[in-house]
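Single-structure report; data block below.
The values are calculated or read from the model by the stated rules, or taken from the named source; none is laboratory data. These numbers were taken from a predicted model, which means no experiment stands behind them. Virtual Cβ from ideal backbone geometry, glycine too; neighbours counted across all protein chains shown. Only protein heavy atoms, including side chains, enter the accessible area calculation; ligands, DNA and RNA are left aside. Shrake-Rupley method; radii C 1.70, N 1.55, O 1.52, S 1.80 Å.
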Amino acid sequence: MTTRRELLRGIAWGAGASALSVAPPRARADDDLDAVTRRLRSDLERHASFGDKFSAGPGDTTTAQWVADRLRASGYRVEDSSFDAPFFVKRAARLASGAASTEVVPQAPVVTTGARGVTARLALVAGEGADVGDVAGRIALVVAQFARHAALSPQGGIGQTVVEAARRGAVAVVIVTTGPSGEAVALNAPEEPFVPVPAAVLAPKLAEPFVAAARAASEATLIVDGDATHRSCRNVVGRVARGERWLGISTPRSGWYGCVAERGTGTAVFLELADWAPRRFPDLSVFVMNTGGHEYFFAGSQRVIGQGPPPTKTLCWAHIGATLAARDAEQRDGRWVMLDSADPQRSLMASEPIRELASRAFTGLSGLERAVAIRAGAGELSTFTDRGYANAFAVLGQHRWFHTVADTLDCVDARLLTPVLRAHQRAIEAVATGAA
């Protein structure tokens, strides 16, 4: 079992480790690139201005309207649909034990405690797996292994631990998402509550007194109070129909907090590609989709993928995934300093027939130079290949402040995003030309 000393040393090491750096993008003087970079910067700023992008929230709804308007301006016939997505209106979310008290992040979809909360002794569950110890009648404090966390899955990792803790009688679960940012990491989950007991996320930078309290089996109170309900969430699809051969372009829209690096970079590139593709391929039809519900295991995409063109007539599907380009960072004198290079924690996934083409298109971009096999559930790409779209690729990144409140405009630089846009264009050109 991980000791408290080892836990805290791991957090400190992660916070102090120097970020990996790559060379900044090569400067290019042509006016077209400058114009593209300016447009990307403007779109990133606009995206950030809409605020939090929780599915069905005001920021998500405003972003959906912005995307729909842009697609219409690019010549698409746009269709809207909606579905009910989980939504939580918070009144209070706190964990307290003795003199220690701090805000926590309710784990969505939220199971509430009521205003009085749940009071019980804490039980420390260090690490991940099915061995959770004696948690019956207690609040399980699950301290995750050091990683860049993103989601809960019952098959392994934190998700398996949380499920097992609830199965063995824990009255509530608090997850410490130990990772490089020190922030609480909101976790993707199914549309139905992951476990039938209240659950919340505690920032590792605030965890020390609660780890000590759990070791002492001290009493704590978890409050997750508010209205756990559903709201209407929009899906946006667009078509430029010119014949039987198609290109598909997709991106999720919703996410945790402002998600400027996670979702904003993909949204900006999606809008550029949607405008470019009909002009670049005047003989092809183009289908685009921009979906909500991403936090709930791709709920929006699952609902509208059937509206896409026939897989056998689709030459290429480009899924614009998460964190195409975020700024790397390093610690100097105890504070984070953003760098002018891209965080290399990103990957390029491609279906087997086009893996080599995709790799060549992304040559020179850190983390993206070698396309790897598609991993089920890692981003939304497998949603499309499972449907039969054979020539498909996507970039998936997980930057330092992924799924945290700190994923703001400071995390991005349009100069880092432009070469990733160009690489997407090269890949689409190579795949579409080769498959035509």
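Numbers at a glance
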| quantity | calculated |
| --- | --- |
| Condition broken by G434, with the remaining ones in (1) open to solvent by 50 Å² or more (accessible area, probe 1.4 Å); (2) modelled with pLDDT of 95 or more satisfied | (2) |
| Qualifying residue in region 409-419 (condition: within 19 Å of the chain's Cα centre (by Cα), within 30 Å of Q107 (Cβ to Cβ) and open to solvent by less than 10 Å² (accessible area, probe 1.4 Å)) | yes |
| Region 369-383, residues that are out of contact with any Ser or Thr (no Cβ under 7 Å at 6 or more places or on another chain) and open to solvent by less than 30 Å² (accessible area, probe 1.4 Å) | A378, G379, L381, S382 |
| Elements of type strands (runs of 3 or more DSSP E) contained in region 123-202, each with 3 or more residues being in contact with a helix residue (DSSP H, G or I) (Cβ under 9 Å, 6 or more places away or on another chain) and either crowded, with 24+ Cβ neighbours inside 10 Å or at pLDDT 95 or above (or both) | 139-143, 172-176 |
| Tally, over region 243-294, of residues that are among the basic types (K, R) and open to solvent by 10 Å² or more (accessible area, probe 1.4 Å) | 3 |
| So R70, is it modelled with pLDDT of 95 or more and assigned to a loop (DSSP other than H, G, I, E, B) | no |
| Residue list for region 52-78, filter: over 20 Å from the mean Cα position of the chain (by Cα) and open to solvent by 60 Å² or more (accessible area, probe 1.4 Å) | Q65, D69, R70, R72, A73, R77 |
| Selection status of S81, within 25 Å of A207 (Cα to Cα), modelled with pLDDT of 95 or more and either open to solvent by 40 Å² or more (accessible area, probe 1.4 Å) or assigned to a strand (DSSP E or B) (or both) | no |
| Test: residue in region 231-242 that is in a loop (DSSP other than H, G, I, E, B), touching a residue at least 40 places away in the same chain (Cβ under 8 Å) and surrounded by fewer than 24 Cβ atoms within 10 Å (Cβ to Cβ) | yes |
| Some residue of region 3-25 being touching a helix residue (DSSP H, G or I) at 6+ places or on another chain (Cβ under 8 Å), at pLDDT 95 or above and either assigned to a strand (DSSP E or B) or farther than 17 Å from W256 by Cα (or both) | no |
| Candidate set from region 282-336 (those that are among the charged types (D, E, K, R) and in a strand (DSSP E or B)); member that is nearest to D407 (Cα to Cα) | R327 |
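Residue-wise test of (1) in a strand (DSSP E or B); (2) more than 21 Å from the chain's Cα centre (by Cα); (3) over 21 Å from H149 (Cβ atoms); (4) free of Cβ contacts under 8 Å to residues at least 40 places away in the same chain.
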site	(1), (2), (3), (4)
S341	yes, no, yes, no
A376	no, no, no, yes
F393	yes, no, yes, no
W401	no, no, no, no
